[in-house]
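Notes follow the structure.
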Amino acid sequence: MDKNFEYYFQDIKNKRIKEKFVIVLGSGFNHFISKQKTVLNDWNCLLELLKDDFVSSGNYLLDFEKIIDGYKSPIYKNQKNIMSSEKENKLLKEIASKIKNVQDSVLKNKSEMYPTYIFNPNFVSDIICLNFDTIAEEICQRSYKPESIKKGFVKITDTGEEALVHLTTKYTEFNYSENKKIRFWHPHGSILKPTSIILSARKYAQHIGTIERLRKHSKSQQRIQNKKDTWYDVLTHKPVLIIGASISSSEWDLWSAFVNRERNYSKPENKVCGKPIFQMRSTENGKYQIDKVNQEWFNPLFNENIPYDEQWLTLEKLLKQ
């Protein structure tokens with residue numbers, strides 16, 4: 001397994017390696033064009049929309065729970081005992097609406113500024129988007145015009161109680177010539193279905209419960225025979241690029257997948273089959289911008305002493321080919 005991204009990329013380009021990259025895309029994708037904190041790239045900005053005197057505790061899941069607990073809406077003025085889930089859904093719809101407004105403005109005025117080259121279907125097969133907005137899909141569709149677009153979800157079981165796990169396996173697939181395709185996944189939900197957005201501690205806990213089901217499906221004969229991969233499957237079996245995402249230690253769904261990925265190749269004879277994970281990171285401003293644990297688990301995309309802007313330019317030269 002080559003731990004140098006540029007060498008590994010050349011092997012994919014020259015088809016010595018058949019698999020394409022899976023991109024884990026974070027809020028840095030939006031920060032790339034704004035350089036300022038907005039509702040598209042900062043938790044505090046997002047939650048401040050819901051509470052004027054909002055003060056962050058450093059844990060946005062618990063912060064949102066507190067906002068739910070204290071939420072009072074005019075429509076509930078004369079009602080008592082309103083369920084927290086109703087309040088949560090109301091807040092999520094409000095959040096989705098405000099994100100959509102900012103998204104529309106960005107797409108209208110700054111769409112050409114986005115790094116569209118990361119969506120090159122020659123080198124990328126899947127985008128696991130950690131953002132609630134759908135800017136990535138919109139930009140990809142405009143830049144690499146697909147011949148067809150398919151939406152669906154990967155069916156894990158036949159029981160109705162599995163609705164939650166199926167919600168996390170929804171995808172949008174862009175199909176191109178020569179059987180090339182890119183699938184977009186939003187494991188944390190998106191503004192397309194506001195109530196799917198995972199922003200509360202309770203909903204995140206429910207989401208974590210689906211990860212084990214995805215793991216079992218990944219190892220099942222059903223997946224192997226039908227070849228219906230979920231975002232979990234591609235994240236645990238393919239080479240990965242982490243772009244604009246720090247992957248904090250609190251993101252247990254992703255870390256569960258990464259841990260299972262490592263365990264799959266833990267035997268010495270299997271390590272040669274393991275695929276690399278590359279993360280864009282930098283010592284810019286004199287300190288690491290990511291958790292220390294990531295430096296041990298992931299390979300740097302480029303030299304960490306290079307500023308982010310220069311790394312984006314280097315990535316552009318490669319992926320635009």
> Is it possible to state the helix-based mean residue ellipticity at 222 nm for the chain, with each DSSP H run of 4+ residues giving -39500 (n - 2.57), the sum divided by total residues, to the nearest 500 deg cm²/dmol? What is it?
Replying inline: -12500 deg cm²/dmol
> For the chain, what's the relative contact order in percent, using C-alpha pairs closer than 8 Å and at least 6 residues apart?
Replying inline: 22 percent
> Roughly what would the spin-label model give for residue 112 and residue 309, points 7 Å off Cα along C-beta, in nm?
Replying inline: 2.0 nm
> Can you name the helices of the chain, as whole DSSP H runs, whose Cα span along the helix axis is 15 Å or more and whose Kyte-Doolittle mean is not below -0.5?
Replying inline: 308-319
>> For a distance above 24 Å, tell me the whole-number percent of Cα pairs in the chain that qualify.
In response: 56 percent
> List the lysines whose alpha-carbon lies under 17 Å from that of residue 180, not counting same-chain residues fewer than 8 positions away?
Replying inline: 13, 15, 18, 20, 145, 150, 151, 227, 228, 238, 320
> If you count, for each residue, the other Cβ atoms within 10 Å and average over each peptide, how do 135-147, 239-251 line up from highest to lowest?
Replying inline: 239-251, 135-147
> Among 111, 125, which comes first, second and so on when ranked by fewest other beta-carbon atoms within 10 Å?
Replying inline: 111, 125
> With Cβ to Cβ distances under 11 Å as the rule, what net charge do the other residues near residue 122 carry (K, R +1; D, E -1)?
Replying inline: +4
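In the calculated pair distance distribution of segment 167-231, what percentage of Cα-Cα distances lie above 18 Å?
Across segment 167-231, Cα pairs with separations above 18 Å total 49 percent.
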> Going by average Cβ neighbours within 10 Å, how do the peptides 202-210, 14-22 rank, with the highest at the top?
Replying inline: 202-210, 14-22
>> Show me the ranking of peptides 298-306, 102-110 by mean Cβ neighbours inside 10 Å, starting with the highest.
In response: 298-306, 102-110
>> How would 134, 236 line up from fewest to most surrounding beta-carbon atoms within 10 angstrom?
In response: 134, 236
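Taken together, the values in this text are just the output of simple stated rules run on the coordinates, not laboratory data. No experiment lies behind these values; they were computed from the predicted model shown. Here the Cβ is made from the backbone with ideal geometry for all residues, glycine too, and neighbour counts use every protein chain on show.
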